[in-house]
Amino acid sequence: MIRRQFTRRVTLGALAGSALAATTGRVLAQSNDPIIMGVTFDAAKQASYYALLMRDATILRVEEINAAGGVLGRQIKLLLEDDENNPAIAAQKVEKLAGAGASFIFEVGSSATGLAAQRMAEELKIPNGSPTNVAEALTKPHKHWYFRLGLRDSIATQGLIRYLKAKFDNPRLAVIRDGSETGLSLSDNQVRFLLEAGFNIVAKEQISPGSVDVTAQALRIKASNPTVVLVSGASIADLSNYIKAHTLVGTKAPMIGNNLFATTTFPALAGKAADGFMFVDAVDMARPDVKAVEAKLIARYADRAKASTQMIAAYDMVDLVVDAIKRAGSADRAKLRDALEGTTNWHSLVGRGGTNVSFSPTDHDGITSEKQVVIRLVRDGQYAGSVDF
Amino acid sequence: MSTPPTASALLDRPAWPAKRLAIWGAIALVLALLPAAITNGYYLTLATNVAITMILTLSLNFTIGRIGLFSLAHSAFLGIGAYLTAILAQRHGVSPWLTLPVAIAGSCTAAAIIGVPVLRLRGMFLSVATLAFGLFAEVFARQASDVTGGAYGITGIPPLVLFGIPLRGTGMYLVALTVLLLTALILENIRLSRFGRAIAASRDNEPAAAAAGIDIARTRLAGFILSAGFAATAGWVYAFFHLTLNPYVLSLDITFVWLFIVLVGGLGSMRGTAAATVLLGIGPELLGFASTQQVLISGILVLVVVLLAPRGIGGLIEDMEHRIKGTTHG
Amino acid sequence: MEFLPLILLSGLQVGCVYAMMALSYFVIINATGILNFAQGEWMMLSAVFGAALITAQLPYPLAVLCAIGGATLVSLLAERLVIRPLQGRNADINTLVVALLGILVVVRYSTGLIFGREEVRLDGPLPAEPMILGDSLFILPQTLFVFGATATVFAGLWLFLHRTTFGRSFRIAAIDPLGAQIVGVDLGRVRFAAFAIGGLIAAILAWLYGPLYAAGYLMGEAPGVKGFIALIIGGLVSPLGALTGGLLLGLFEVATAYYIGSLYSEGIAFVMLMLFLFVRPQGLIASRWRLG
């Protein structure tokens, strides 16, 4: 059974010093030790609008598994830790979860905190991973203990490139991003990959946080005469401001965004201007198996879970880890890591048209081909499936 | 005769009574032996965090409470120290110990440069100016990717090495503790010194201080620069403790937490600040909602303290002392 | 050149938002000497309340009024529960400012807890369709509303300060608190009214800025900071300072974003502030204002 984890009394003052590894939380009255897993997420800051959703999806899946008898006859105990969107704290929470006996740590905050958490997990030798963080450095160069289910920067960009080449002939690309950590690093990486692939970047603009009016940026981009405008960042309100201005100043070029646009308030926020807006994502919401899980999430979490690809990915990742535990026959960290690495053709909910996840000693990415990148579409104030190309 | 804030001024103070030395020595010893009692690495990490934060809050307490400067630029000086350390150690292979003087020099120079115009301002203008500098530093750290590594910052900082042993865990705890004790020692010495009295006079009664021949502007600037030096040292420790650095260390929310700690501790009270730092550093963990909201909790605490116990924890300690000794307030 | 009118409109729109924020700071600083960093949070409350009430199907005008009222009420509560006791025991200004920062933090993060973390759409009072005025010129009804509301609020405040008895006591209290008390001005009442008016202005601002941006628990931070930058640039002596500083800052930001590029526009306001503080701390519209 899940217990929301609250650390208790192990105080520094305990010079009388307990020799226990600080297993926090209440002791379950069960004969089998529970399998402990940790989740680091942003509870209150800038990444919380998606981190909390993903945490909730993780909780739901674990509850379902526990209700069905658990894994290897053991219940899963989920420990939840707030990383406060601060990389230093994320690393500390990983340390804490390690001390609490976690066999696996799900990192569902921002990429910045994910990178710090991962570094600590590598040092402490704990299997960990993220369903949706895209930072390239999370798996390239290769990390022994880290597993990523979804897209990474380069694959996302290659998927975008595949779309651009299919639809446009030598397109002129304009880039606009917000000032967030995600926006800056994502768009810098994206630009780098695009330039390497021989594309033409004709404009680069930025939105200050809390923007009132981005007409200036929209006009500059319009003046560069782009074929497509790439919109990246984490502050959906700021980016929506651009999307609205883009439409108002009459720029005809379509816009393509990054995976954080998969948040339910986006279509309403950008209004009519978002009609025809596309963004890169990892989950195809039209798939029946994905829809079935979406229904479960909506039943539990209501409208917040509608069309939330992030929640689907988080949900799925629990299954990935549980499958590995079963194959390993134990929740021992090293054995779990080996089993995860040995995942072969595991049917995943992410990926366009379906993805069979296979890891290897040199590749810990779930999505490995640009063909698995989904380009989603917004129409009439709703998420309207994905673009076929 | 003006008061030069020189090293001799730091030393010019009444000798420490033996009892006081004993207390400080005992505290230092206990704290140094703490790692032996803590088996969980996480709690040692927490303790190191508290130590680093305390360097910052003690120096902020000095700036706001003693010098009387409501400076919100403290995070900027921490950042300058930390980033200089990280850049030199990670990118240019400078020996870690050598980065310390550079970090301090860098922050102190910045403090001197902005201090001259900023310290001419009064009251709210000064806080706004320092706030602007602090916010600008954060924006710079986040956007100037060529210099600071941008949003993801600088990773892979090589650890401090002592006698061939890389300092992690317990080693860094002891480094942080040493810096903290030195900071506390220096600040306490200053308090009792002529320089300290000049600072207090400049804060409390400018005309009288000026009449006594104290160069107020120089005294305040010296205090400001000194405080920046402490912040830079904390930044140096921070960089070698976490081995990664990013713009979050410069965020306004963290400055707020330090500010709240200083107020909860009682403006001007070192003991209070220390107590408040420990409280807010490990309190949430002990109470079980470490999961969330350090900023919110410290905000609530500061309101409670400001309304109900305005002299903060330091005031409460003093009251208790007076009660025990049977004295009244001097 | 063809887009100059559009850029000007954009700059003025941004400027009005900053000016209103600056004005809400001004009222309180002028009357009480307190820099209330939490003003942005009253604006946020008004927006978030409003969004919640609209979702709860309350008729729009009622939702707006309740939201503005609610946010103003919170400003008054802050004055009554925190500021008054502190001033009563002559707390120093640092303690007051930190208390207000504490309020800022508590209001911001508890709103996030209660109302959620998403940024949601906030509708303005006018229809959303832009009005096309020419080949390269359009204007949003919301922009007109921003201009109109800003002008009304500034005019209203000016009338209050110069044409009402109570308003005049405000100005006297600002210039010489001790003297004001001697002639019978109740400083406590002035302070209360200052927080009421300042809170009201911030609450109204939510309906200018919110429809342009979004309603969310973090929305108070950026305009909050820009607001007092604008006030300091403009000068703390009169509402004209808030207006000038706000419009100037807005125009400057938009102009640099358009003519130079937007990649570094985030730091510009801080640089401008530091320059002003070092070169002309009394701001553009100054008179014999004491520095502190």
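Coordinate-derived values only; no laboratory data. Please read all numbers here as calculations on a predicted model, not as lab measurements. Every residue, glycine among them, receives a Cβ derived from its backbone with ideal geometry; neighbour counts consider all protein chains shown.
Whole-Hz Karplus ³J(HN,Hα) for region B:45-59, in order, using 6.51 cos²θ - 1.76 cosθ + 1.60 and θ = phi - 60°, x for Gly and Pro?
Each residue of region B:45-59 in turn: 4, 4, 4, 5, 4, 4, 4, 5, 4, 5, 4, 6, 6, 5, 6 Hz.
So if I place +1 on the C-beta of Lys and Arg and -1 on the C-beta of Asp and Glu, and nothing else carries charge, what would the dipole magnitude of region A:250-310 be about its Cα centre? I want it in debye, nearest 20.
Using Cβ point charges on Lys, Arg, Asp and Glu, region A:250-310 gives about 140 debye.
Lys/Arg Cβ at +1, Asp/Glu Cβ at -1, dipole of region C:1-120 taken about the Cα centre: which of C:78, C:26, C:113 is farthest positive-ward?
Of the options given, the answer is C:78.
What does the charge count near residue A:377 come to, summing +1 for each Lys or Arg and -1 for each Asp or Glu among other residues with Cβ under 14 Å from its Cβ?
-1
Specify which residue in the list A:198, A:163, A:241 is farthest towards the positive end of the charge dipole of the protein assembly as shown, using unit charges on the beta carbon of Lys, Arg (+1) and Asp, Glu (-1), about the Cα centre.
So the residue we want is A:241.
Report the Cα centroid-to-centroid distance between region A:47-88 and region C:254-288 in angstrom, as an integer.
Using only Cα atoms to place each centre, the spacing works out to 46 Å.
If amide hydrogens are placed 1.01 Å from N in the peptide plane, which non-local residues have theirs closer than 5 Å to the one on residue A:257?
A:231, A:278, A:279, A:280
Please report how many Lys pairs in region A:245-324 have alpha carbons closer than 20 angstrom, counting only residues at least 8 apart along the chain or sitting on separate chains.
So the count works out to 4.
Explain nothing, just the number: relative contact order of region B:215-301, from Cα pairs under 8 Å at least 6 residues apart, as a whole percent.
23 percent
On a 0 to 90 degree scale, rounded to 10, what angle separates helix C:187-209 from the longest Cα axis of chain C?
It is inclined by approximately 10 degrees.
Can you give the three extents of the C-alpha atoms in region B:17-250 along their principal axes, from longest to shortest, in whole Å?
55, 51, 26
Sort C:274, C:43 so that the residue with the fewest other Cβ atoms within 10 Å of its own Cβ comes first and the one with the most comes last.
Result, fewest neighbours first: C:274, C:43.
If I fit a long axis through the Cα atoms of helix A:111-124 and take the longest principal axis of the Cα atoms of chain A, what angle between them do I get, 0 to 90°, rounded to 10?
Computed tilt is about 30 degrees.
For chain B, modelled as a Gaussian network with Cα springs under 10 Å, which listed residue fluctuates most, B:156, B:25, B:299?
Of the options given, B:25 has the highest mean-square fluctuation.
Can you tell me the dipole magnitude for region B:167-296 around its Cα centre, using point charges on the Cβ only (Lys, Arg +1; Asp, Glu -1), in Debye to the nearest 20?
Dipole about the Cα centre, nearest 20: 300 debye.
Please give the charge dipole size of chain B, origin at the Cα centre, charges +1 on K and R Cβ atoms and -1 on D and E Cβ atoms. Round to the nearest 20 debye.
The dipole of chain B has a size of about 560 debye.
Can you give the local net charge around residue B:206? Use residues other than it whose beta-carbon is closer than 11 angstrom to its beta-carbon, Lys and Arg +1, Asp and Glu -1.
Local net charge: +2.
In nm, give the distance between the simple-model label positions of residue B:185 and residue A:296, each being 7 Å from the Cα along the Cα-to-Cβ direction.
If labels sit at residue B:185 and residue A:296, their model points lie 6.1 nm apart.
Whole-Hz ³J(HN,Hα) for each residue in region A:172-186, computed from phi via Karplus 6.51 cos²θ - 1.76 cosθ + 1.60 with θ = phi - 60°, x for glycine and proline: what do you get?
Whole-Hz 3J(HN,Hα) from phi for region A:172-186: 8, 9, 10, 10, 10, 9, 9, x, 6, 4, 4, x, 5, 6, 4.
Hey, which of these cross-link pairs are over 18 Å Cα-Cα: A:165/A:371; A:140/A:165; A:77/A:326; A:167/A:204; A:140/A:371?
Beyond 18 Å between Cα atoms: A:140/A:165; A:167/A:204; A:140/A:371.
Any idea what angle helix A:87-99 forms with the longest principal axis of chain A, computed on alpha-carbon atoms, 0 to 90 degrees, nearest 10?
Approximately 30 degrees, to the nearest ten.
I want the local charge near residue A:40. Using Cβ-Cβ distances under 12 Å, sum +1 for each Lys or Arg and -1 for each Asp or Glu among the other residues.
Residues near residue A:40 contribute -4 overall.
Name the residue, out of C:60, C:259, C:18, whose mean-square fluctuation peaks in a Gaussian network model built on chain C with Cα pairs under 10 Å.
Fluctuation is largest for C:259.
Which whole-number percent gives the relative contact order of chain B, counting Cα pairs below 8 Å spaced six or more residues apart?
Normalised by residue count, the contact order of chain B is 30 percent.
In terms of modelled amide H atoms, which long-range or inter-chain residues lie less than 5 Å from the amide H of residue A:104?
A:38
Enumerate the calculated ³J(HN,Hα) couplings along region B:122-136 in order (Karplus 6.51 cos²θ - 1.76 cosθ + 1.60, θ = phi - 60°), each rounded to whole Hz, writing x wherever the residue is Gly or Pro.
Those phi angles translate into 10, x, 5, 5, 5, 5, 5, 4, 5, 4, 4, 5, x, 5, 4 Hz.
Arranged by the count of other C-beta atoms within 10 angstrom, fewest first, what order do A:181, A:136 take?
A:136, A:181
Counting other C-beta atoms within 10 Å, which of B:92, A:246 has the fewest, and how do the rest follow?
So the residues, fewest neighbours to most, are B:92, A:246.
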